[in-house]
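Below: one structure, written as structure tokens.
The values are calculated or read from the model by the stated rules, or taken from the named source; none is laboratory data. None of these values were measured; they are calculated from a predicted model. Here the Cβ positions follow ideal geometry from the backbone for every residue, glycine too, while neighbour counts run over all protein chains shown.
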Amino acid sequence: MTKAVFVFWSVCLFSFTVRADPSEGATGLHHRVYRSYVEGNVTLWAETIEQYEQLYAAWSRTEDLYSLLLARYGYTGSALERGEKTVARAHLSRARRELELLMHHSEGDARAWALRGGIKGFHILLRPLEALRLGPESSRALDHALELDPREPLAWLERANALFHRPALFGGSKEGARDSYREAVRLFEEDLKIREKWLYLNSLVGLARSLCHIGEIGEGVAVLETVLTIEPDLNWVREKLLPALAAGNCQGESP
């Protein structure tokens, strides 16, 4: 079977699954996003986003919209890590529209507010001159997410990311980031779902980096070793991030 024929039948099979059982189709896509993160496979991630779009178009379920936005959020962050600003801008434009729709359906959902804060953080990375306006907007969104549900791990993860990347002059704190990453990890572990497993691993990676930045390199290395125990296929952690962090390069590399 040629590659083109294989891809054709894979798309047909997915389309049939979406129409027959949207929950089964969604579960398969959650697994694909997880594998994309583990393997650093941005092509698979982009293809999966397109299939989430098909799933939401077919059934218009709010949970599928959230899954689509979450996948796009992760892909956008990866694009920014790789320096692909044009790609990131294109996905942020779509994410903004999807977030507006999600907020319309789920204004009281802490996850939506957490993503709102995180997406504004991405805009700051692309437009640093607007940080004085976007920074407080991001903080208010994250504060509201935690007010709505102080046990939402995504809200703690986004709070950690904000504290990690924000300059100390504007309230950033690597110690605060460490504590928030730890809380995100704890809450993910209480009820870990396949859709959020890559976020759980990402929280552990963030925790390791924050520990390194405050001089606790040994503990940071131990966290990454735990990550590899959970997911041995994370070769980019084993081959790049772990050696870099052990050598004191706290940022290391991401997929």
The listed residue being under 18 Å from E158 (Cβ atoms), at pLDDT 95 or above and part of a helix (DSSP H, G or I), out of L245, L228, L204: L204
Filtered residue count, the stretch 33-50, keeping only those that are under 24 Å from L101 (Cβ atoms) and buried (at least 20 other Cβ atoms within 10 Å of the Cβ): 5
Residue match in the stretch 161-170 (condition: of a type in the set (A, V, I, L, M) and within 20 Å of L80 (Cα to Cα)): yes
Residue match in the stretch 70-77 (condition: in a helix (DSSP H, G or I) and over 18 Å from I194 (Cα atoms)): yes
Residue list for the stretch 61-77, restricted to those being over 11 Å from the mean Cα position of the chain (by Cα), crowded, with 22+ Cβ neighbours inside 10 Å and charged (D, E, K, R): D64
Failed item, numbered, when L129 is tested on (1) modelled with pLDDT of 95 or more; (2) part of a helix (DSSP H, G or I): (1)
Complete set of residues in the stretch 84-126 that are of a type in the set (D, E, K, R) and in a loop (DSSP other than H, G, I, E, B): E84, E107, D109
Meets criteria (surrounded by fewer than 23 Cβ atoms within 10 Å (Cβ to Cβ), in contact with a helix residue (DSSP H, G or I) (Cβ under 8 Å, 6 or more places away or on another chain) and not aliphatic (A, V, I, L, M)) for R151: yes
The one condition in (1) more than 17 Å from the chain's Cα centre (by Cα); (2) hydroxyl-bearing (S, T, Y); (3) under 30 Å from S60 (Cα atoms) that S173 fails to fulfil: (3)
Top-ranked residue of the stretch 164-174 - restricted to ones that are at pLDDT 95 or above and assigned to a helix (DSSP H, G or I), ranked as farthest from D109 (Cα to Cα): K174
Qualifying residues in the stretch 78-105 (those that are loosely packed, with under 13 Cβ neighbours inside 10 Å and of a type in the set (S, T, Y)) - the one farthest from the chain's Cα centre (by Cα): T86
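Rundown of residues vs (1) in a helix (DSSP H, G or I); (2) in contact with a Cys (Cβ under 7 Å, 6 or more places away or on another chain); (3) of a type in the set (A, V, I, L, M); (4) more than 26 Å from R32 (Cα to Cα), yes/no style:
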{"position": "L146", "(1), (2), (3), (4)": "yes, no, yes, yes"}
{"position": "P150", "(1), (2), (3), (4)": "no, no, no, yes"}
{"position": "W156", "(1), (2), (3), (4)": "yes, no, no, no"}
{"position": "A162", "(1), (2), (3), (4)": "yes, no, yes, yes"}
{"position": "G176", "(1), (2), (3), (4)": "yes, no, no, yes"}
{"position": "D179", "(1), (2), (3), (4)": "yes, no, no, yes"}
{"position": "V185", "(1), (2), (3), (4)": "yes, no, yes, no"}
{"position": "R195", "(1), (2), (3), (4)": "yes, no, no, no"}
Meets criteria (free of Cβ contacts under 8 Å to residues at least 24 places away in the same chain and hydroxyl-bearing (S, T, Y)) for S203: no
Residue among A46, A26, A20 that is of a type in the set (A, V, I, L, M, F, W, C) and modelled with pLDDT of 95 or more: A46
Residue within the stretch 188-195 that is surrounded by 19 or more Cβ atoms within 10 Å (Cβ to Cβ) and within 19 Å of R151 (Cβ to Cβ) present: yes
